[in-house]
1. Could you tell me whether His217 is under 26 Å from Ala10 (Cα atoms), surrounded by 15 or more Cβ atoms within 10 Å (Cβ to Cβ) and more than 16 Å from the chain's Cα centre (by Cα)?
2. Does any residue in the stretch 138-151 that is under 18 Å from Val63 (Cβ atoms) and part of a helix (DSSP H, G or I) come within less than 6 Å, Cβ to Cβ, of a residue that is among the polar types (S, T, N, Q) and at pLDDT below 95 six or more places away or on a different chain, and which pairs are these?
3. Looking only at the stretch 160-170, decide whether some residue is under 29 Å from Pro41 (Cα atoms), surrounded by fewer than 18 Cβ atoms within 10 Å (Cβ to Cβ) and in contact (Cβ under 8 Å) with a residue 60 or more places away in the chain.
4. Just give me the residues in the stretch 5-45 being in contact (Cβ under 8 Å) with a residue 40 or more places away in the chain and either of a type in the set (Gly, Ala, Ser) or in a loop (DSSP other than H, G, I, E, B) (or both), in sequence order.
5. Scanning the stretch 142-152 for residues that are buried (at least 21 other Cβ atoms within 10 Å of the Cβ) and out of contact with any helix residue (DSSP H, G or I) (no Cβ under 6 Å at 6 or more places or on another chain), which turns out nearest to Val85 (Cα to Cα)?
6. In a strand (DSSP E or B), in contact with a Ser or Thr (Cβ under 6 Å, 6 or more places away or on another chain) and either of a type in the set (Phe, Trp, Tyr) or in contact (Cβ under 8 Å) with a residue 60 or more places away in the chain (or both) - does that describe any residue in the stretch 218-239?
7. Would you mind finding the one in Val130, Val112 that is of a type in the set (Val, Ile, Thr), surrounded by 15 or more Cβ atoms within 10 Å (Cβ to Cβ) and free of Cβ contacts under 8 Å to residues at least 40 places away in the same chain?
Amino acid sequence: MSDADPTRHAEYFADNRANWDDRAALHEASGYGIEALLASPTAISAEITPDRERLGDLSGLDVVHLQCHLGLDTVSLARLGARRVVGLDLSGESLRRARSIAERAGADIDFVQANVYDARQALVGDFDLVYTSLGVLCWLPDVAAWARVVASLLRPGGRLVLRDDHPVFQAVGDDVSHGLMLHEPYFQRADPMTWEDAGSYVAAADGSPAITHTVSHQWNHGVGEILTALLAAGLVLDEVTETRYSAWCRWPELMERCAEGFRFADPALRDRLPLQLAVMAHLPEQVGGQ
């Protein structure tokens, strides 16, 4: 994390950890798709479904899910046949709940609490697949360091599957009463975007625990920065996809549900703004035993 003072980063991560500990309780109370996942031993989460083709056959593979939160997607990866599945997250409260959900689902998953930058030190062994998706890179100040961690976790031939909110989508403001406008930086800055918000991206159910740690910090990373970081870490790019649909309804007054998630209700807007970015990459096989 070379672009800012590590002491300041520690403070940012402490705020984010406390915020996500609170969000974990609110998200579980909201439903979060948990009962649907537990209703059938073959069910997979709505978040994993769009990546099903990218993931391919996981039979017999070792898989790590970075920034796994409540572990619904982690359970889904196990149900897709992975031999070993590990979920890693910064929030201890998220993982406490993830372990309970996995136990109820009958999924054998090892959940590890650690900062994603410490994943190589926190995890044992190498992996065939690193999976991470939806609201992940914005919590990381240094995407180049993240890419190096991903590469360090993969065995030769191992793959990365990343799907996240598009950086342009992140740069547009929440207030669209005057149209889509750029309110936040597209390019990474040392100083984060700092928010104070008692809500989350899901509606709170009646009686849900309150978010008392309301401060959180985020960083945006441009597409070029993300791809260059992966290349510099030694990965080979296999797919880069920008989509016209989002995994969540950020602007209810402008968006409608569709088969892929949410899209702009006005067809004229659908070609103007990328909403998600998906990247597949792999670590090359070793040559000549090197």
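1. For His217, the condition - under 26 Å from Ala10 (Cα atoms), surrounded by 15 or more Cβ atoms within 10 Å (Cβ to Cβ) and more than 16 Å from the chain's Cα centre (by Cα) - is not met.
2. Between residues of the stretch 138-151 that are under 18 Å from Val63 (Cβ atoms) and part of a helix (DSSP H, G or I) and residues that are among the polar types (S, T, N, Q) and at pLDDT below 95, there is no close pair.
3. no
4. Ala18, Ala24, Ala25, Ala29, Ser30, Gly31, Tyr32, Pro41
5. Within the stretch 142-152, the match that is nearest to Val85 (Cα to Cα) is Val150.
6. Within the stretch 218-239 (the criterion being in a strand (DSSP E or B), in contact with a Ser or Thr (Cβ under 6 Å, 6 or more places away or on another chain) and either of a type in the set (Phe, Trp, Tyr) or in contact (Cβ under 8 Å) with a residue 60 or more places away in the chain (or both)), the answer is no, since none of the residues qualifies.
7. Every option except Val112 fails the conditions.
Residue-wise test of (1) exposed (fewer than 11 other Cβ atoms within 10 Å of the Cβ); (2) over 23 Å from the mean Cα position of the chain (by Cα).
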site: His221; (1), (2): no, no
site: Gly224; (1), (2): yes, no
site: Leu230; (1), (2): no, no
site: Leu254; (1), (2): no, yes
site: Ala259; (1), (2): yes, no
site: Ala265; (1), (2): no, yes
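The values are calculated or read from the model by the stated rules, or taken from the named source; none is laboratory data. Note that the coordinates shown come from a computational prediction; the quantities given were computed from them, not determined experimentally. As a convention, Cβ positions derive from the backbone with ideal geometry for all residues, glycine included, and neighbour counts pool all protein chains shown.
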